[in-house]
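Have a look at the structure below, then the notes.
The values are calculated or read from the model by the stated rules, or taken from the named source; none is laboratory data. Please read these numbers as outputs of a predicted model, since none were measured by experiment. Cβ atoms come from the backbone with ideal geometry, glycine included; neighbour counts cover every protein chain shown. We work out accessible area using only protein heavy atoms, side chains counted, and drop any ligands, DNA or RNA first. Shrake-Rupley method; radii C 1.70, N 1.55, O 1.52, S 1.80 Å.
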Amino acid sequence: MKIGIISINMHTKGLNFACPVHTYAFQQFLLANGIESTVIDYKANYYGNFEPRYPGRYYSELCKRQLQLMNETTGEKQLEYKEKYDKFKKKADGYNALEEERAIRYDKFQSFIEKYYIKTDISYNSDLLEVRDPGFDCYICATDVVWKYQDAEGFDRGYFLASRAMENKWKIAYSASRGVPKPYSNEQSYEFFRYLQDIDVISVRENSLKEFIEENSDLTAKVVMDPVLLNDKEIYEKVTVKPEEEHYLLLYYAEEQSQNALNHAVKYAKEHNLMIVETTNLPIKGGVLKDINDVKSVFKYDIGPEEWLGYIQYADCVITNSFHASCFCILFEKEFYVGSRHGDKITNLLRTLGLLDRKLGPEGETEVSGPGQIDYCAVKDILKKKADESAEFILSAIRRVENKTRPRHNYNAYKRTLTYPVLYNTQRKNEEFVWKYKPSVGCVKKLSSGSFELKPNNLLVTNDGNSRLLKNQFSLWNYKFLGWNIRVKIDNHWFWYLEDGSFKLMKEYKKSVDKPRYLFKDKDKLPFFPVNHISIVVAEAIWKKKEHNKAYKWVSRHTGKHLKSSIKKVCQAGQTKG
């Protein structure tokens, strides 16, 4: 059985150290138990056109766009664009100041992935998984915040194993998380549980998610340990890089700063005569401790996963607000403290292992005064029991579906209820078009490209195979309308619809190699598109140049004037434009 693992692994905007490591951990655990798997190179739908090696340039471009929008608007809308501009400007300045270090860090992440992963050669996203099958019999979405609702993009179908390529394949969720719990709208809740209904085995990382699933559906979910805790520490010691620094406190904060962690780190370092090694996912040049003079500190941004593991393994003490850093502190049996962080994932871990006294209070003191040394004998006993239960859960789930055919399900009924907007574009640019579309049909506007586009008043059509294209009423001097080519935006990427009913990424389409694009005639039915989402469809007009005598008839018909002698002179002069 071919198993594909999908997770937040290779493509993280912040280059979070744990992302490539937890996927490595899960794949190594499966291998140690005789199960081969392949990591799917997957970009989440919120990743977009993000530039991971030089993100400062990416955010600088976003700033330019927000400035343009600010200048074009007033009032509340302008304030909204100003708020976005300030957010992007802070990131642009931070990443631009770290440009060299960021490039080094990115290269080290890529090196780790190429060295330790068994992965797909192709990079997938939710769009591509609708039209291209990676060829796996079983899909596992593995750990971390894969089920989060993004305000702009919504849920990512790929992480829910809900793209077309995964249909009628075995589906397992292992240690999934939705991040900080937030109330769902009725529509969001419906979508969330519609996805979960098609997953054969569900396990989650936090009790709060288990309770949410079981209280709001007839599904069951098991709480399991994160994949990094399924392995002994020896598997990580093989890849760690020992740091040059000795006798140091590691301060690592992820996603958001933790003021109580910073305060406690400085206090602890002074009391124990330790230097501080500071690192983070955030773009802060020099770190937050650079202006503190009464403790020695060094800031490390240009490190990779192996070095990050090394800094945890060899630290005298670790202070962090990272879930996975806390996991590795436990595996390496380190003295550690946990600063504030949104959500309950770290609290859930500490409570499970009897380590709640490691949480820091608001000012940097621990909630339980004087926690003392950690009794790792007791912790390891609990961890082994929980890890063994989790290992048995995932291994038995895989064994149950191995060499079995999954009962087939018809997914098309839902897809036929989808609606999507259709626009009509003249495709040719910088030409003199005329049209007969009435205001009751829609509005025609000239685009910055030079082409004209009709936006119908009845914009939405249904994906049932019965909706029809509008009759073309664009016309162009000296050209005959032949029909429409259709381009479809599934999520974030454009595809041509081809003669054989398949889709091809527009940026990869080669006329000499690929099937021809399907040519739709006037008022043809739009086909049923067997995909799970359609953002928009654009019908692009196809034109053929007329002969000169036909051009004369076109002018006579559209102007109502008898210009025979004038047109003859134009045609004789070899001109083609009236």
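So here's what we get for this one:
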| quantity | calculated |
| --- | --- |
| Cα-centre dipole for the chain with unit charges at Cβ (Lys and Arg positive, Asp and Glu negative), debye to 20 | 5200 debye |
| GluC sites (Glu not before Pro) within segment 34-81, DSSP loop, no more than 14 other Cβ atoms inside 10 Å | E36 |
| Accessible area in square angstrom per residue, segment 38-139, 1.4 angstrom probe | 53 Å² |
| Candidate aspartates and glutamates - alpha carbon under 17 Å from K455, same-chain residues fewer than 8 apart omitted | D522, E540 |
| With every protein chain in place, the chain: carbon and sulfur % of accessible area (1.4 Å) | 47 percent |
| 0 to 90° range, to nearest 10: angle between helix 186-197 axis and the chain longest Cα axis | 70 degrees |
| Contact order relative to length of the chain, as percent, for alpha carbon pairs under 8 angstrom and 6 or more apart | 11 percent |
| Members of K13/K238; K13/K84; K43/K300; K82/K290; K64/K84 lying beyond 19 Å, as alpha-carbon distances in this model show | K13/K238; K43/K300; K82/K290 |
| Integer Hz, Karplus 6.51/-1.76/1.60 couplings in order for segment 119-133, x for Gly and Pro | 9, 6, 7, 8, 8, 10, 9, 4, 5, 5, 6, 7, 10, 9, 9 |
| Degrees between helix 376-401 axis and first principal axis of the chain (Cα, 0 to 90, nearest 10) | 40 degrees |
| Shape call, segment 59-128: gyration tensor on alpha carbons, a/c limit 1.5 | oblate |
| Built amide H within the under 5 Å cut-off of V39, gap 5+ | I5, I118, K119, T120 |
| Long-range amide H partners of W494 with built H, under 5 Å | M506 |
| Amide H contacts under 5 Å for F528, placed H, 5+ residues apart | G465 |
| Peptide ranges 461-471, 372-382 listed from the most packed, as the mean C-beta count within 10 angstrom indicates | 461-471, 372-382 |
| Reachable aspartates and glutamates from K115, criterion Cα separation under 16 angstrom, eight or more residues apart if same chain | D41, D107, E237, E306, E307 |
| Highest to lowest packing among 419-432, 160-173, scored as the average C-beta count within 10 Å | 160-173, 419-432 |
| For peptides 118-126, 406-414, 474-482, 517-525, sequence by mean Cβ density within 10 Å, most packed first | 474-482, 118-126, 517-525, 406-414 |
| Acute angle (nearest 10 degrees) that the helix 259-271 long axis makes with the longest principal axis of the chain, alpha-carbon atoms | 30 degrees |
| Structure-derived semi-axes √(5λ) of the Cα gyration tensor in Å: which label, when the choices are (i) 56, 25, 22; (ii) 39, 28, 24; (iii) 55, 29, 20 | (iii) |
| DSSP-defined antiparallel bridges as percent of all bridges, the chain, nearest 5 | 45 percent |
| Antiparallel %, DSSP beta bridges [both residues in segment 124-255], to 5 | 10 percent |
| As computed over segment 90-166, the Cα convex hull volume per residue (Å³) | 143 Å³ |
